[in-house]
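First the structure, in the form of C-alpha cells, and then the observations on it.
No value in this document is a laboratory result; all are computed from the given coordinates. As the structure is a computational prediction, the values presented were derived from the model and not from experiment. For neighbour counting, all protein chains shown are included, and Cβ atoms are generated from backbone atoms with ideal geometry for every residue, glycine included.
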Amino acid sequence: MVVQASAPGPASDVQQAAPADGGFSIGRAFGQVRRFPVLPLLILVVLLVVPAIFANMIAPHDQIIGDLERELEPPGWVRDRHSELVIVNRVRDPSEEVSIRNAARNLANGVGTLVDSNGNGEADVGESLVRVEPGGSWEYPLGTDKQGRDVLSRIIYGSRVSLTVSCLAILLGGFLGTALGMVAAYRGGLIDAIVMRVVDIKLAFPSILLALTLVSAIGSGFTTVIIVIALLLWARYARVVRGDALAIKQRDFIDRARVSGASNLRIMLRHIFPNVFNTVIVLATLEVGHVIILESTLSFLGAGIPAPTPAWGVMASDGRELITSAWWIFLFPCLAIVLTVLSMNLLGDWLRDRLDPRLRNV
C-alpha cells in the first residue's frame, strides 16, 4: 500500500490560514453592514412603525382636539415674523377712505406699526402697517394648523393610518392577485385568457381615475379606501405571479407530483406557491410606497380618509391654501410621505437583490 504524504510547508500554511479566513474580520463585518439598508430601515422604524404602534404614548397632544388660541403657530425654531399690511395700493382706489379708516382703527388697537412715509403721523395712501407675529414654541415643535391642532401629533397618528391601510390593502390585493395568477398559469387555456384580459383592461385604466370612480360609487371611508386600493393592486400580482408560475410549471418536480397523484390544489399550494413566495414578498414591499401615495392622493382630493382623521393626505390638503403663510402644515406631511415611500422602495430593491438568486452576487 502506497501512502502519499504532502509536504509539511504548504500544509502548515493551510492550517494557519484557515483560522484567519473563518475568524472575525472588521472589514468583512463593515462590508456586511454597508450592504444592509440601515438608513431606509431606520427611517421606516422611526417614521412609520414605531409611531404607528405607540402613537398613544408618543404623541404630545390630541390629534383631533386643538386649541383655537394657538392656531397657525409656527414650528418651535421659527422666531418672530414681520408682515406688511398695505393700506392703499392705488391712489384712485375707490375704497381709499375705507382703507385709511381701517388703518387708523388698527393703529388705535395696536395691531401694527405705521411706516410713515411723509412723516405726518397719520395713515395715508400708499403707506403700510408692519405687524409682528409671534414665533413658535417648543410645546408644538412642528407648529399647529388652522384649528390649533399639533402637526407633530397628527403626523404620528397619520403613520398609523398609512401603515394600516397599506398592510390590509396589500394583504387583500396580494392574496387575490396571487391566487388568480397561479390558477391562470396552472390551468392555462380559456381561464388563462380570461384572467389576463381582465388584467389588461384593469392596467389600461389610470389608477387615480379608477379609484375616484369606485369611491364615488361606493362612498368614502376607511374601509372603502382599503377595498378600492386592493382592487387596484391585484392585477400587478396576477401578472407577475403568472409569469413565474408558468416557468415553474414546466419543471420536473411538477411532473413527478402529478405522477404521484397529487391534486391540482396541492400542487399549487405545496410546489408552486413556495417558489413564487419571494417574488410576492418583494412586490408587496415595493407596493407599500405605492399604496401610501394612492391613499394620500385620495385623501388629498377629498375621496379618501375623511376628516378629521389625521391622514397625511388630509393634512396636506388642509395646508395647501395656507402654503405661503403657514407652510409647515403642508410641508411636514408631504415630507413624511416622501421619506416613507423612498425608504420602502430602497428596502424593496435590497430584498429583491437578496431573495433573487440571479441577483444575489451581482
Handout entry: Relative contact order (%) - the chain, alpha-carbon pairs under 8 angstrom, separation at least six
Key = 20
Exercise for the section: Give me Thr309, Thr144 ranked fewest to most by other Cβ atoms within 10 Å of their Cβ, as a rough exposure proxy. Expected result: Thr309, Thr144
Handout entry: 222 nm mean residue ellipticity, helices alone, for the chain (DSSP H n ≥ 4; -39,500 (n - 2.57); rounded to 500)
Key = -20000 deg cm²/dmol
Problem - Residue with peak Gaussian network fluctuation, the chain [Cα springs, cutoff 10 Å], from Pro206, Pro60, Pro308 - result: Pro206
Handout entry: Within region 229-321, trypsin sites (Lys or Arg not before Pro) in DSSP loop having at most 16 other beta-carbon neighbours inside 10 Å
Key = Arg251
Problem - Total formal charge among the other residues, if their Cβ is under 14 angstrom from that of Lys146, Lys/Arg +1 and Asp/Glu -1 - result: -4
Handout entry: Gain on full stretching of the segment that runs from Asn264 to Gln147 - 0.36 nm per residue minus C-alpha separation
Key = 36.2 nm
Problem - From phi via Karplus (6.51, -1.76, 1.60), per-residue ³J(HN,Hα) for region 303-310 in Hz, x at Gly/Pro - result: 10, x, 5, x, 5, x, 4, x
Exercise for the section: Normalising by the residue count of region 151-355, find the relative contact order in percent from Cα pairs under 8 Å and 6+ residues apart. Expected result: 28
Practice task
Could you work out how far helix 328-355 tilts from the main Cα principal axis of the chain, as a 0 to 90 degree angle to the nearest 10?
Solution key: 10
Handout entry: Local electrostatic count at Cys167 - Lys and Arg +1, Asp and Glu -1, tallied over other residues with Cβ under 13 Å
Key = -1
